[in-house]
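Input: a single structure, listed below in structure tokens.
The values are calculated or read from the model by the stated rules, or taken from the named source; none is laboratory data. The shown structure was predicted, so the numbers you read here are calculated from the model rather than taken from an experiment. Counting neighbours? That spans all protein chains shown, and the Cβs are built from the backbone with ideal geometry, glycine included. We work out accessible area using only protein heavy atoms, side chains counted, and drop any ligands, DNA or RNA first. Shrake-Rupley method; radii C 1.70, N 1.55, O 1.52, S 1.80 Å.
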Amino acid sequence: MKQANAKVLIADDEQSITSGLSAILSDEGYSVEIAPDGQKALERLSEDRYGVVLADLKMPKLDGLALLRELQQRQIPTECIIITGQATVDSAVQAMQQGAYDYIEKPLNAEKLNRLKALIPKAIEKFNVQQKNRELTSRLEGLTHYGELTGQSDAMREVYQVIDAVAPSNASVLILGESGTGKELVARAVHSKSERAKGPFFALNCAALPKEILENELFGHEKGAFTGSTNEKPGAFEMSSGGTIFLDEVAEMSPDIQVKLLRALETRQVRRLGGRKEITVDIRIVAATNKDLQKALAEGDLREDLYYRLAVVQIDLPSLRERSQDVQLLATEFLERFASQNGKRISDFDTAAWEWILSYHWPGNVRELKNAVERAVIMARGDKIGVNDIMPRHLRNAGEVPSSVTIQVGATVSDARRQLVLRTFASTGGDAERTAKLLGVAADDVRGDLLALINGSNGDGATNGTTPSGADPGGKAGSGAAKKSPPAKKR
Amino acid sequence: MTGVTSSIDARWLDALQRLASRSAHEIRGALNGVSVNVEVVRSRAAKATASAAALEPFADAASAQLDDVIELTEALLGLSRPAREPVEIATETKRVVTLLAAAARADCRRLHVDDVPALNSLGITSAPGSAVRVAVCECLLAAVDASAKIKCTAPVGASAPTILIAAPDGETISLPSDLVAVAAESGIDIQVDASAISISFPR
């Protein structure tokens, strides 16, 4: 059971004890270090991993209890064994209640030392088990999350890989994606994974500001530059020097500001409005647009030279329907978040709500899904969200009828039927009876098809291998319905 | 027992309790050290491959810690017994200094006898033992509490046997308000001068 080479830290100011204790534990095969007070112990524990810390309750600067509190607040992983004099047993019990592994009373005679020798391997074993759990949790988290982005689809994994590759460089990045796909989150991830992470991140929406204000925001102005400019004001380039500027909807920028932006990118210098002085800036630009870039370039809305400056690396952010495997993950995460924020005990979506969520094509992307779930959480009365809670009123009343269903060549008849049922069901706002009427089949058949879809089978025991067209109108098949189905526990 | 002696005896018991409580941590610490170091020696000696070099530092440490325990315990036991009269000023003073100096070291403070031969030459006093102990102990307690550095000495050429307690860093030492009067009842003269106290004993 002995864990050779496991690290043990002795935090005690009494040298008469620490040197002997260190020798005893070293003889047992541990790698032992000594900190003469609680503060030094905390510093060591912050810098390195120790399986066990033996902390005296009475120490200068930071006593054993305060050390324990700090370890918990900072989430520093270690197991703490408190060493205490008889007079402070109450405090040791208190320490146990605060999460200490155990305590040993002084004097440290042969019996107590033997007890300590027996305790340490157990504490280290607990530390190792928890360490493995932490690593597993972190690895699982890494499978579904990347910075503030959520998604485990192949499309998102490609995005993460590009961010990983480009972040350490200084290259400008252009993010393309529909509204609501999370372009700013990608920009933040590029910033936070770069060496500029300690610098500022400045986000500006070029479409939201009138030309003059945008110019002022970007480049700043000198005192008296225009009527009412009573003070000088640094612009985004100056304020975020050393960091990253995120220019959203960059194709909406007026042509003359585009010229100034291009110049700033080329020379790394800016001039304030009304100013004569060139100011050198150290900036990285991450831009984004949801416009059709080819059209914008052809029509002159975006300068070609600026485009090439901005699009050193281009990141294509998929729409939610192109990564329908992530819908369930996102919906579940939003549900947990908003239920917690609103103090509601909502455990899940009901079956009909899941059917609708997974079949709807989410034109507003993640933002629309997020808002829908937030609204549903607020509106829900029970412990599960129903289809009427999650579906917007305008869809409930009118139904959003999809114009077509795309079926891949080679799809089976049952796959095609299921896609048709699913899309029609979505268009009726989750009304099985109406779906049946529209398709000319029995309502029970519709329900059977939907159930089979959720269960990931085609009704005859085979695994469903196609993507519902409503969830993937682009025809990026390959992600089976099994991946889209809510997990068994959810139903 | 007269009213004066019963009152000074009670006061001495109170002071002794404070001394014991301050030095208890040091005595326990040294005992813990002995225990741990003996255990190192014992467990290493049990191994066939144990070398003298691996044992010696811990045996030495245990021995030194045992000396500390003996010194502290002897001082405490000596002060717990009634003082032998006529009272030897140096003996009583050194016992108090031993106990207080150990406790002071733990708080990164320093109390030491500056001139041991001069202290030893003070001889005996006719003042009652409890009164001598109360005067020395309370003055030193007040001094150690006031300053991080305390020097205890015996000025040569004084008209009566005298101990001088000084804070070299200039910190002001304040005594318990009634101590001077209580000591005077036994013929002990205590003079306070901001950062120094002198205690003169009757011959």
Any chance the stretch B:79-97 includes a residue that's of a type outside the set (D, E, K, R) and within 14 Å of chain A (Cβ to nearest Cβ)?
no
How do the pairs read when you match residues in the stretch B:10-28 that are at negative phi and part of a helix (DSSP H, G or I) with residues anywhere that are open to solvent by 40 Å² or more (accessible area, probe 1.4 Å) and polar (S, T, N, Q), using Cβ under 8 Å and keeping only pairs 6 or more apart or on different chains?
B:Leu16/B:Ser80; B:Ile27/B:Thr73
Which of the residues belonging to the stretch A:103-123 are without any contact (Cβ under 8 Å) to a residue 24 or more places away in the chain and in a helix (DSSP H, G or I)?
A:Ala110, A:Glu111, A:Lys112, A:Asn114, A:Arg115, A:Ala118
Residues of the stretch A:124-153 satisfying the condition of being among the polar types (S, T, N, Q) and in a helix (DSSP H, G or I)
A:Asn128, A:Gln130, A:Gln131, A:Asn133, A:Thr137, A:Ser138, A:Thr144
Unmet requirement for A:Ala23, which otherwise passes all of (1) in contact with an Asp or Glu (Cβ under 8 Å, 6 or more places away or on another chain); (2) under 24 Å from B:Ser63 (Cα atoms); (3) open to solvent by less than 20 Å² (accessible area, probe 1.4 Å):
(1)
Filter the stretch B:145-183 for residues that are touching a Leu at 6+ places or on another chain (Cβ under 7 Å) and within 22 Å of B:Ile8 (Cα to Cα) and give the result.
B:Pro161, B:Ile165
Among the candidates B:Ser35, B:Ser80, which residue alone is at pLDDT 90 or above and over 30 Å from A:Gly29 (Cα atoms)?
B:Ser80
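Per-residue answers, yes or no, for (1) surrounded by fewer than 18 Cβ atoms within 10 Å (Cβ to Cβ); (2) at pLDDT 90 or above; (3) among the β-branched types (Val, Ile, Thr):
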| site | (1), (2), (3) |
| --- | --- |
| A:Asp13 | no, no, no |
| A:Leu57 | no, no, no |
| A:Ile82 | no, yes, yes |
| A:Leu113 | no, yes, no |
Just checking, how many residues over the stretch B:18-67 are within 29 Å of B:Glu138 (Cα to Cα), at the interface with another protein chain (Cβ under 8 Å from one of its Cβ atoms) and open to solvent by 70 Å² or more (accessible area, probe 1.4 Å)?
3
Filtering the stretch B:86-110 down to residues that are among the polar types (S, T, N, Q) and either part of a strand (DSSP E or B) or surrounded by fewer than 24 Cβ atoms within 10 Å (Cβ to Cβ) (or both) yields B:Thr91, B:Thr98
Do any helices (runs of 4 or more DSSP H) entirely within the stretch A:1-102 hold 2 or more residues that are within 13 Å of chain B (Cβ to nearest Cβ) and among the hydroxyl-bearing types (Ser, Thr, Tyr), and if so, which?
A:15-27
List pairs: first residue in the stretch B:141-152 and among the acidic types (Asp, Glu), second residue surrounded by 18 or more Cβ atoms within 10 Å (Cβ to Cβ) anywhere in the structure, Cβ distance under 9 angstrom, at least six positions apart or on different chains.
B:Asp145/B:Ile173
Is it the case that A:Ser359 is modelled with pLDDT under 90, open to solvent by less than 60 Å² (accessible area, probe 1.4 Å) and in contact with a Pro (Cβ under 7 Å, 6 or more places away or on another chain)?
yes
